[in-house]
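The values are calculated or read from the model by the stated rules, or taken from the named source; none is laboratory data. This is a predicted model, so every value here is computed, not measured. Cβ placement follows ideal geometry from the backbone for every residue including glycine, while neighbour counts extend to all protein chains displayed. Remember, those area values only see protein heavy atoms, side chains included, never the ligands or the DNA or RNA. Shrake-Rupley method; radii C 1.70, N 1.55, O 1.52, S 1.80 Å.
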Amino acid sequence: MPSAIVTGATGILGREIVKQLGKDPQRWTKVHALSRSKKDELPSNAVHDHLDLTSSAEDMAKQLKGVEAEYVFFAAYLQKNTEQENWEVNGAMIENFLSALEITGVVKKLKRVLLVTGAKQYGLHLGEVKVPMVESDPWVEGEPWPPNFYYRQQKSLHKFCEKHSHVSWVVTYPNDVIGFAKGNFMNLATSVALYAVVTKELGQDLAFPGNEVFYKKFDTYTYSVLHAAFCEWAILEEKCANQAFNVHNGEPETWENMWPRVAARFGMKVKADQFTVPEHELSQKNKLTDNPPLGIRAEELGVKGVVKPSEVANRISLVKWSQDEEVKQAWNRLAEREGLQKDAFEKATWAFLDFVLGRSYDIVQSMSKAREYGWTGYYDTWKSLSDVFGELEANNILPKTHRA
Ligand SMILES: NC(=O)c1ccc[n+]([C@@H]2O[C@H](COP(=O)([O-])OP(=O)(O)OC[C@H]3O[C@@H](n4cnc5c(N)ncnc54)[C@H](OP(=O)(O)O)[C@@H]3O)[C@@H](O)[C@H]2O)c1
């Protein structure tokens, strides 16, 4: 019976992998959940071990004393201010970790390493991409694009597996993750929910803070629970050796379809004239790079001369909104009255949500490859969002009284 190591075990994606492996202690005899902090109760087959991935390989090898497994899930992430810093820090984290496994000798026992990255693989943070995105699409690297730490991580992992030919790799590309985590870097569901309940507390209808174009555009979301099930399947499935996969819920979604449900979920109404009222002082517009990734294949795809730089436009910038005195007071009042975790509001990832809701192009990943390899998982995106809202209520981050 195999054992596993999960790095990033407290993160939005990593904690679900630990929980997924915890469901079947017959299959997974031991799960080493690694991170600096310990936030959750762990399943009976899991133990928490402290690991600082910013340490040198030698230091990490000392921290990893007694930690061994056949399977590694690498889901750690440390957000930095620039792509260059992300490349340096997150690249070094996996490289030193893999070297530490060589120092401790765990590499001899290892069978497969699964690396969690994301849909930034396709450069969608830089502007419009070709849709649907497929795993064989060209990497967006070299001039004029900024470094992408996913590429360094993947190249390092490929090299490690070439050196140790008994070890294979799998990489996942989730997108716009819907899940539960405390104090992490990118958290869509918590931020949407906090925006809604504070808007309700202010006595207002729920206005979509992004823009009218993206309201109708398709996006593919990844429920962290479904992603964890995918990871368990892919790490054990022989056919998946040395393959990268898009992982999302199974169907594209729009906010036009979900926003009224968000409002209804919290006993609110959508602001009917949300796109026709004049924009107020909290709006913002930012141009992304001059070179959207779609341009890479403009000639081949027959779109030469029509690819324009993309922008992120928010009718209400949530970064600005969350700093408004009236908004902060409404949250404090709500948190006090309902006994909520007060720091949840400042820990919400407003800049991330501004980016996610403010784009103007479709973000659709193909699931064809995963399905051809045998994956059959599916989860309704609205249901995943609603499930996470329930988890946030259970954890006193959202008021139970605001549920319709
Ligand atoms: N969240 C999303 O919406 C999303 C979407 C697509 C792709 N992704 C990608 O998914 C991957 C995982 O991200 P995530 O969102 O799950 O991250 P996350 O929720 O922010 O969690 C990060 C994890 O990494 C651990 N970590 C950070 N620094 C560490 C260090 N120095 N030593 C040891 N552990 C450390 C954290 O634990 P401690 O702080 O306790 O150490 C935590 O468990 C990243 O590549 C991310 O880009 C995320």
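Amide H of Y223 versus every other amide H placed in the peptide plane: which residues, excluding those fewer than 5 positions away on the same chain, fall under 5 Å?
Here I178, N249 satisfy the definition.
Going by Cα centres, segment 296-337 and segment 48-91 are how many Å apart?
Comparing the Cα centres of segment 296-337 and segment 48-91, I get a distance of 31 Å.
Given the convex hull over the Cα atoms of segment 161-287, what projected area results after averaging over all orientations, in nm²?
The directionally averaged projection comes out at 11.3 nm².
Out of residues 5 or more away from Q243 or on other chains, whose amide H comes under 5 Å of its own, with H placed 1.01 Å from N in the peptide plane?
Here W169, V171 satisfy the definition.
In Å and on Cα atoms, what radius of gyration and Dmax does segment 269-371 show?
Computed over the Cα atoms of segment 269-371, radius of gyration and Dmax are 19.1, 59 Å.
Which loop-located GluC sites (Glu not before Pro) does segment 1-95 contain, where loop means any DSSP state but H, G, I, E or B and the Cβ has at most 10 other Cβ atoms within 10 Å?
Counting only loop positions with at most 10 other Cβ atoms within 10 Å, the GluC sites (Glu not before Pro) in segment 1-95 are E41.
Nearest 5 is fine: what % of DSSP beta bridges in the chain come out antiparallel, could you say?
Of all bridge pairs located within the chain, approximately 15 percent are antiparallel.
Could you give me the percent of Cα pairs per 5 Å distance bin for segment 108-176, shortest bin first, beginning at zero and ending with the bin that holds the maximum distance?
3, 15, 25, 22, 15, 10, 6, 2, 1
Would you list the P(r) distribution for segment 236-306, with all Cα-Cα distances sorted into 10 Å bins from 0 and each bin expressed as a whole %?
Once binned at 10 Å, the Cα pair distances of segment 236-306 give 12, 18, 30, 27, 11, 2.
Could you give the alpha-carbon Rg of the chain over 2.2 N^0.38 Å, rounded to two decimals?
0.99
Kirkwood hydrodynamic radius, segment 162-221, all distinct C-alpha pairs: what's the number in Å?
Details: mean 1/r = 0.0660 Å⁻¹.
Every distinct Cα pair counted, the radius reaches 15.2 Å.
Tell me whether segment 24-87 comes out rounded, prolate or oblate; compute the Cα gyration tensor, take square roots of the eigenvalues as a ≥ b ≥ c, and use a/c under 1.5 as the rounded threshold.
On the way: a/c = 2.20, a/b = 1.70, b/c = 1.29.
Note, shape of segment 24-87 comes out prolate.
With just the Cα atoms defining each centre, how far is segment 193-250 from segment 348-376? Give it in Å.
Spelled out, the Cα-based centre of one part sits 7 Å from the other.
Counting helices only, and only those DSSP H runs with n ≥ 4, report the 222 nm mean residue ellipticity of the chain as the sum of -39,500 (n - 2.57) divided by its residues, in deg cm²/dmol to the nearest 500.
Details: 15 runs with 150 residues, N = 404.
Per the formula, -11000 deg cm²/dmol.
Can you list the GluC sites (Glu not before Pro) in segment 191-300 that are in a DSSP coil and have 11 or fewer other beta carbons within 10 angstrom?
E281
Please list 3J(HN,Hα) in residue order for segment 244-254, calculated via the Karplus relation 6.51 cos²θ - 1.76 cosθ + 1.60 where θ = phi - 60°; whole Hz, with x for glycine and proline.
Result, ordered by residue: 10, 9, 5, 9, 9, 5, x, 9, x, 10, 10 Hz.
Cα atoms only: what Rg and Dmax, in Å, come out for segment 6-48?
Reported Rg and Dmax, both Å: 9.2, 28.
Can you give me the % of accessible surface on the chain that is carbon or sulfur? Probe 1.4 Å, all protein chains present, nothing else counted. Write out the running numbers ahead of the final one.
Details: 8320 of 16980 Å².
The nonpolar share, carbon plus sulfur, comes to 49 percent.
For segment 120-268, what is the number of Lys pairs with C-alpha distance below 21 angstrom, counting only pairs 8 or more positions apart or on separate chains?
So the count of such lysine pairs works out to 9.
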